[in-house]
Structure formats: C-alpha cells, structure tokens
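Just below is one structure, and these are the notes that go with it.
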Amino acid sequence: MQIAACFADRVEAGRQLAQKLTDYRDRKGVIVLALPRGGVPVAYEVAKELNLPLDVFIVRKLGVPGWQELAMGAIASGGIQVVNEEVVRRLPHAQQLLDAAAARETAEMERREREYRDGRPPLQLRGCTVILVDDGLATGSTMRAAVQALRQRDVAKIVVAVPVGSPETCAELEEEADEIVCAATPESFYAVGQFYEDFLQTSDEEVRELLAAATQRNDLNMIKSK
C-alpha cells in the first residue's frame, strides 16, 4: 500500500513544524539549530516563522571500521565527543580505532564548519533554549548524539523538533530531550523520504546560502530592536 506524502518538500515541512512551536516565537534566549544538511531548509523556515536566530550543529558519527552503521560514538561542533561505551567495550584496540575515526571525522566536520559559516563565528549556546531540528527521525542515532553533545554545552533546555518521525524513536527521545515535537508520527514508517514528495539531497551550497540569509535577517532584526 502506497502512503501519501505528508509534505511537498522541506520548506513546507518547516512551515508546518513551526506551527507546532509557536510558544517560542520572538522569545529571547532561544536558538534554532539545524542538523545539516537536510535539516537546514526545515530549520530555516522554523527560524523565519518564529523570528529566531539560526545556526548549524554538525554531528559526525564515529563508525566501526567495516560496520559503519555501528557507531562507536560521535563528534559534534565545538570539539564535543560522545562515546558509546557499550560498543567500545567489545572492540579490540578500541582507543586506536576511536582516535583514528575521530581524526578523520573531525577533518570533515571542520571542512563543513568553514564552508557553511563562511567565516561567521558560531552562536553562543550556554544558557540558551535550543530547538534542534532535522528533516525527520528514523533510528534517531544522529539526533541522540546531538542531544548528548549539547548537554556538554550547558544549554538551558533542548527541544527536539522534526516534521515526521518513527513513533518508537520519538518516544525514546522523550527520555533524553527536555521536549520533543514530532509534527507527524505515522505508524507505517520505513524511511523519512517516504513522507516527502521532493526529498532531493540538500547541497552544501544551499546550506551556505540559507545560513547567510538567516544571519542577514537576524542582523536586521537586531538593528530594528535598537
């Protein structure tokens, strides 16, 4: 049985998600963070609708060599590392594997930081409420790593927000985030892309353009408020 898509594309998904987050509109000390790349177009619309600043929070999984889907841990923006102790305990030479994966993924993360930000510093997160946005939740491994990493950044509150997610994954993340907003939780869930009519991969260029536009909008808002 074919399931009808919930959203035309990530832009529409972001606008619908924003309607579930109106309590945060215009609130000081609230930042929208996107998980790139697919989460950026969604988060851009959320930030625009709620009149909030936008930034990216880059998370890179540290996969076990030969079994990349099995994560030893993850690294995130700001030099944060999260280790999956259950997996690491079972690996021979675990520290060497972890160090090698961290070095490789750190290089990629730093490349993305440079490319996406275009010289702009990251937003300060300490003491802020963070709305962490992606285009959907399947297994939730990347989002889970992002939440754990943000805990180390001393944020005041973490709100996980997605247009669509697996009911089981959304329920599991309720244990880790302070609040979770899944706009749609279809029972017949196989992959995030099945709920979008257009689910083409988001490019680095699109991420860079959206972040630049969001920064310009935020700067204008600051000028108007003075």
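The values are calculated or read from the model by the stated rules, or taken from the named source; none is laboratory data. Bear in mind that the values here come from a model prediction, so they are computed numbers and not experimental data. Backbone-built Cβ (ideal geometry, glycine too); neighbour counts: all protein chains shown.
A single member of Gln148, Gln124, Gln95 is closer than 14 Å to Gly63 by Cα and either in the same structural domain as Glu176 (by TED's automatic domain parsing) or not acidic (Asp, Glu) (or both), and it is Gln95. Glu187 fulfils the conditions (1) assigned to a loop (DSSP other than H, G, I, E, B); (2) crowded, with 17+ Cβ neighbours inside 10 Å except for a single criterion, (2).
Please tell me if Leu62 is touching a residue at least 40 places away in the same chain (Cβ under 8 Å), within 21 Å of Val192 (Cβ to Cβ) and not hydroxyl-bearing (Ser, Thr, Tyr). Judged against the criteria, Leu62 is not a match. When we screen Arg89, Arg111, Arg144 for residues that are touching a residue at least 12 places away in the same chain (Cβ under 8 Å), closer than 25 Å to Trp67 by Cβ and out of contact with any Lys or Arg (no Cβ under 8 Å at 6 or more places or on another chain), the only hit is Arg144. Scanning region 131-145 for residues that are over 13 Å from Val59 (Cα atoms) and of a type in the set (Asp, Glu) yields a count of 1.
Yes or no, residue by residue, for (1) crowded, with 17+ Cβ neighbours inside 10 Å; (2) part of a loop (DSSP other than H, G, I, E, B); (3) touching a Phe, Trp or Tyr at 6+ places or on another chain (Cβ under 8 Å); (4) hydrophobic (A, V, I, L, M, F, W, C):
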position: Gly73; (1), (2), (3), (4): yes, no, no, no
position: Val82; (1), (2), (3), (4): yes, no, no, yes
position: Pro92; (1), (2), (3), (4): no, yes, no, no
position: Gln96; (1), (2), (3), (4): no, no, no, no
position: Asp99; (1), (2), (3), (4): no, no, no, no
position: Arg114; (1), (2), (3), (4): no, no, no, no
position: Pro122; (1), (2), (3), (4): no, yes, no, no
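Of all residues in region 20-34, those that are within 18 Å of the chain's Cα centre (by Cα) and either of a type in the set (D, E, K, R) or at pLDDT below 95 (or both) total 1. The condition of being over 18 Å from Ala71 (Cα atoms), out of contact with any strand residue (DSSP E or B) (no Cβ under 6 Å at 6 or more places or on another chain) and modelled with pLDDT of 95 or more holds for only one of Asp118, Asp154, Asp178, Asp135, that being Asp135. When you scan region 136-151, do you find a residue that is hydrophobic (A, V, I, L, M, F, W, C), out of contact with any helix residue (DSSP H, G or I) (no Cβ under 9 Å at 6 or more places or on another chain) and surrounded by fewer than 14 Cβ atoms within 10 Å (Cβ to Cβ), even just one? Scanning region 136-151 turns up no residue that is hydrophobic (A, V, I, L, M, F, W, C), out of contact with any helix residue (DSSP H, G or I) (no Cβ under 9 Å at 6 or more places or on another chain) and surrounded by fewer than 14 Cβ atoms within 10 Å (Cβ to Cβ).
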